[in-house]
Amino acid sequence: MISIVICNRYSTIALGLARNIKDTIGAEYEVVCIDNADGHYNIFQAYNEGVQRAKGDIVCFMHDDISFHKKGWGIVVEKLFADNQKLGALGVDGGHFMPDCPCSWSTCFTTSFRTWRTESDGSHQPYSNTEYTNGQSNVEVASIDGLWMCIRRSLFDSAIRFDDRTFSGFHCYDSDISMQILQTGYYIMVTFDIEIIHNSYGTYNKTYFNNIELWHKKWHEQLPVVRGIDLTEREQQIHTRYAIELMERLRNDAYLYTRLHSPEYRLGHSLLKPWRFLKRKFFS
């Protein structure tokens, strides 16, 4: 059985999502909804609680803002875990390279994924990178994205847990659990046989960058990690440099976003409205 763990803003998941899961999974399942309406849990705590409640031998962690584009995804999950006894985790989006620097694998331009994105007009458009797949439906990666990931339950019974002692907030839980799984000798894969619609984009805030720093401090002795592709030392250096530069841009963009949405900025913007009106009316 597949146990689907969702950290939710309400006591039950949305009716549309519940119906989508039921109509598409094609396998025995249960939904474990962690009610986080009052913000009691961070994502690490919520998922640890979900693991304790889960009864299935495969635990599927997923965001509440996704839906499944294709039927039979539960059958795919069960078959992959049954056929690959050393498969520890499965996702639909992942990175092949985790560099030895405080940055995300997603900033290294060595990713494999196939998802659908919801555009501003409500349409769904395919969004993928298959550069490193060599035509395969399933490829090994170093880390998977937490929007949807399935993990072998037995690993939680013996070797891994979401690290709520080191981290807080809602970032880096996927990279950290991926590193834990690799230390056990199990491997991680991304599959293209499951298609997911992602209805939102990630955000970058102070907690994100803080968790990135904590993650690197925790794992730097095991880094870098390369899985599923071949990268020379020179290529690793190039991708690491790209990642550092992109992280710096994201950090600057996040700082600017925070300033533009701060109460002080909004107050100043409101106070200047009369002046802008007069300027347009009499001086333009």
Exercise. Between residue 57 and residue 9, how many nm apart are label points set 7 Å from Cα along the C-beta direction?
Worked result: 3.7
Exercise. Taking a label point 7 Å from the Cα of residue 137 along the Cα→Cβ vector, which residues of the range 66-97 have an amide N closer than 17 Å to it?
Worked result: 69-85, 90-93
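Taking the Cβ-Cβ separation of residue 230 and residue 1 as r and a Förster radius of 35 Å, what is the calculated FRET efficiency to the nearest 0.05? Working shown, then result.
Values: r = 38 Å, r/R0 = 1.08.
After rounding, the FRET efficiency stands at 0.40.
Report the per residue volume, in Å³, of the convex hull enclosing the C-alpha atoms of the chain.
Each residue corresponds to 172 Å³ of Cα convex hull volume.
Give, in nm to one decimal, the length gained when the segment between residue 223 and residue 210 is fully stretched (0.36 nm per residue of separation minus the Cα-Cα distance). Walk me through the numbers on the way to the answer.
On the way: separation 13, 0.36 × 13 = 4.68 nm, distance 1.84 nm.
Full-extension gain reported as 2.8 nm.
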For this session: Under 21 Å between C-alpha atoms is the cut-off here; go through the chain and count lysine pairs that meet it, provided they're at least eight residues apart or on different chains.
Result: 11
Exercise. What FRET efficiency do you get for residue 19 and residue 125 if R0 is 35 Å and r is their Cβ-Cβ distance, rounded to the nearest 0.05?
Worked result: 0.95
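For an R0 of 45 angstrom, estimate the FRET efficiency from the Cβ-Cβ distance between residue 184 and residue 251 and round to the nearest 0.05. Before the final figure, lay out each step's value.
Details: r = 32 Å, r/R0 = 0.72.
With a Förster radius of 45 Å, E is 0.90.
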Problem set entry | Contour excess over end-to-end distance, with Cα ends at residue 158 and residue 83 and 0.36 nm allotted per residue | 24.9 nm
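Computed from the coordinates by the stated procedures, all read-outs in this text should not be read as laboratory data. Please read these numbers as outputs of a predicted model, since none were measured by experiment. All Cβ positions, even for glycine, are placed from backbone atoms using ideal geometry, and neighbour counts span all protein chains on display.
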